[in-house]
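Single-structure report; data block below.
The values are calculated or read from the model by the stated rules, or taken from the named source; none is laboratory data. Just so we're clear, the structure is a prediction, and the values are computed from it rather than from any experiment. Because the Cβ atoms are built from the backbone with ideal geometry, glycine has one as well, and the counts that use them run over all protein chains shown.
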Amino acid sequence: MRGLQQRRCADTDFGSISMKLVIFDIDGTLVRSDPHEDRLFWQALVDVLGVRRETFEWNSFRHVTDSGITQEVFRRQFGRDPEGASLAATEEHFGSLWQRLLSTLPRDEIEVPGARAMLAHLNEHPDWTIAIATGGWERTARAKLGGADIAHAEIPMGCANDALAREDIMAIAQARATIQNANKDFERVVYVGDGEWDAKTCRAVGMPLVGMAVVPEVRTRLSGLGVSHILEDYCDRAAVLEALDSAQVPPP
C-alpha cells in the first residue's frame, strides 16, 4: 500500500513533500497482551533454559526487551550468557505458546480498540507513515498482531532480534522506515507506547511520546512521568492525530 502511495506522489510531483513518522510499540499499545505475557514468557524460559522463575518488575531490567531480560536472568542464575541456539529455541517456544493461546481468543479481546483501523488510516495518510518498534521477539510480535487482525507485513519493524536496547530497536525501525520512504528524512518522529521504559527511552533520545493507557493505572504512571498526551484507545481518530502532532518529549 505504501509503495502505491509513493508512486502516486511521484506521478503528481509530490515526491518532495515531507512525511512524519509514528513508531508504535505493540504490547499494551496495539494489542492487550498484559494478562498473559508474564506467564507465557516465564514458561518459555523455564521450559527451554531451565531457569528458576523470579519475582520482578519489568522496569528493573537494564533492557526491557525479550532478549535483554532473557540474557540478564540467565547470567544471574548461571553466570554466563545463553547460547544462540538456546535463545532461538526459547523464542520459538514462546511464539508457540502465544500462537496456541491466540487461537482461543477473539480478535476484539486482543486488539486495543481502534488500533487496526488507525494503522490502516495512517498507512494511507498524506502526511504520516508508520513503523513498529517492539521489545518483543519477532515471531511473537507478528503472532500478536496477526491475532488482533492488524495488517503488518509491509510495516517497517524493529524488534528484540535486532538489538538488546530499546533505543537501538527504535533507531532500527526508524532507519527501515526511512529506506521505505525513499531515504528521505522525516519532518517529525513520534513514538506511541505504554511503558515506563518507553518514557525513559523517548526522554533519552529526544523523541515525543504519546502514551497509551488501556487501564487506569497505566495513565496514572505515565502522567507521573510527565507524558504530555495520553490516549485510552484509537477510536477518536481526530484526537489521535492531534496527539501525534502535539506530543512532547517526556521531561527529565
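Within segment 44-65, restricting attention to residues that are in a loop (DSSP other than H, G, I, E, B) and among the acidic types (Asp, Glu), the residue that is farthest from GLY158 (Cα to Cα) is GLU54.
Here is a yes/no grid of residues against (1) closer than 29 Å to PRO82 by Cα; (2) surrounded by fewer than 18 Cβ atoms within 10 Å (Cβ to Cβ):
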{"position": "ILE130", "(1), (2)": "no, no"}
{"position": "ALA160", "(1), (2)": "yes, no"}
{"position": "ASP168", "(1), (2)": "yes, yes"}
{"position": "ASP185", "(1), (2)": "no, yes"}
{"position": "VAL210", "(1), (2)": "no, no"}
{"position": "VAL215", "(1), (2)": "no, yes"}
{"position": "THR220", "(1), (2)": "no, yes"}
{"position": "GLY226", "(1), (2)": "no, yes"}
{"position": "HIS229", "(1), (2)": "no, no"}
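Which ones in segment 26-43 are buried (at least 24 other Cβ atoms within 10 Å of the Cβ) and in contact with a Ser or Thr (Cβ under 7 Å, 6 or more places away or on another chain)? ILE26 - this is the single residue of segment 26-43 that is buried (at least 24 other Cβ atoms within 10 Å of the Cβ) and in contact with a Ser or Thr (Cβ under 7 Å, 6 or more places away or on another chain). Among the residues making up segment 63-91, a single one is of a type outside the set (Ser, Thr, Tyr), touching a residue at least 24 places away in the same chain (Cβ under 8 Å), in contact with a helix residue (DSSP H, G or I) (Cβ under 7 Å, 6 or more places away or on another chain) and surrounded by fewer than 18 Cβ atoms within 10 Å (Cβ to Cβ): ALA89. Checking each residue in segment 195-223 for being in a helix (DSSP H, G or I), of a type in the set (Val, Ile, Thr) and more than 25 Å from ASP127 (Cβ to Cβ) picks out VAL218, THR220. Would segment 224-233 turn up any residue that is assigned to a loop (DSSP other than H, G, I, E, B), of a type in the set (Gly, Ala, Ser), more than 26 Å from ASP127 (Cα to Cα) and assigned by TED's automatic domain parsing to the domain that holds ASP168? Yes, some residue in segment 224-233 is assigned to a loop (DSSP other than H, G, I, E, B), of a type in the set (Gly, Ala, Ser), more than 26 Å from ASP127 (Cα to Cα) and assigned by TED's automatic domain parsing to the domain that holds ASP168. Only residues that are within 15 Å of GLY68 (Cβ to Cβ) and β-branched (Val, Ile, Thr) were counted across segment 141-179, and they come to 2.
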